[in-house]
1. Net charge near V123: determine it from the other residues with C-beta under 14 Å of the C-beta of V123, scoring Lys and Arg +1 and Asp and Glu -1.
2. Which three extents, in angstrom, do the Cα atoms of segment 100-210 have along their principal axes, listed largest first?
3. With each label point set 7 Å from Cα along the Cα-Cβ vector, what nm distance links A71 and I163?
4. Hey, rough spin-label estimate for E124 and K49, points 7 angstrom out along Cα→Cβ, what's it come to in nanometres?
5. Sort 96-103, 139-146 by packing, meaning the average of other beta carbons within 10 Å per residue, with the highest value first.
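No value in this document is a laboratory result; all are computed from the given coordinates. Because the structure is predicted, anything quoted here is derived from the model rather than measured. For neighbour counting, all protein chains shown are included, and Cβ atoms are generated from backbone atoms with ideal geometry for every residue, glycine included.
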Amino acid sequence: MRKSVHASADPKSMTTLKRCSLAFVVAFLLFAARTTVSGQSAPQNQDAKPARSRADETLAAWNEIGNKLVAMAKDFPEDKYDFKVQKDQRTFAQNILHVAAVDYEVIRGVSGTKLGPDFGKDVENPSRDVYKTKADVVKLIQQAVADGAKLIQQQGDAGLDKITKLPWANRMVHSSFTWTEGTEHSGEHYGQLVVYYRANGMVPPESRPQ
């Protein structure tokens, strides 16, 4: 006949087991108490914030991705500005310059003006011979994001409904579509530059612990 576990156990082991069990119970009760207090302090049935204007939402999206790229341009070491992962890709600096140039295509298409610098024959790829330093590149992307933000604010919701020619195709669209295309384009290049960071053993500013 099997002996009872309690009957065969060493008294010291039993004491240790009881202490462990007591510690577990205390820890569980403390956790439960914290959870209850946390749940009680959380807002109950809080109403969702009202929707912002369409212009404000467009501005938020434009600034969010634009500022991420500005942060990258400021943060990436200047001695790596000509780095690229593959031979047939743009360098880090060329990517930032390209995004800024396309931003200005968006701005010009929506505003019907020639706002921004003259980039020469290749309107989407400003030359590194012109924007030679990190400071030059940072200044251009900052200005492009700022000019776009200013235009969105100036035109408001009515401006988003305006019909304009899409900069990259022979067709007319609402300006809201052009802003969306420009913002998406910036996001694509942000993703590419994240790879450039990782390839250099670096963490992008947006991904660092706050």
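1. My count for the surroundings of V123 gives -2.
2. Result, largest extent first: 45, 34, 25 Å.
3. 4.0 nm
4. Simple spin-label model gives 3.5 nm for this pair.
5. Ranking, from highest mean packing down: 96-103, 139-146.
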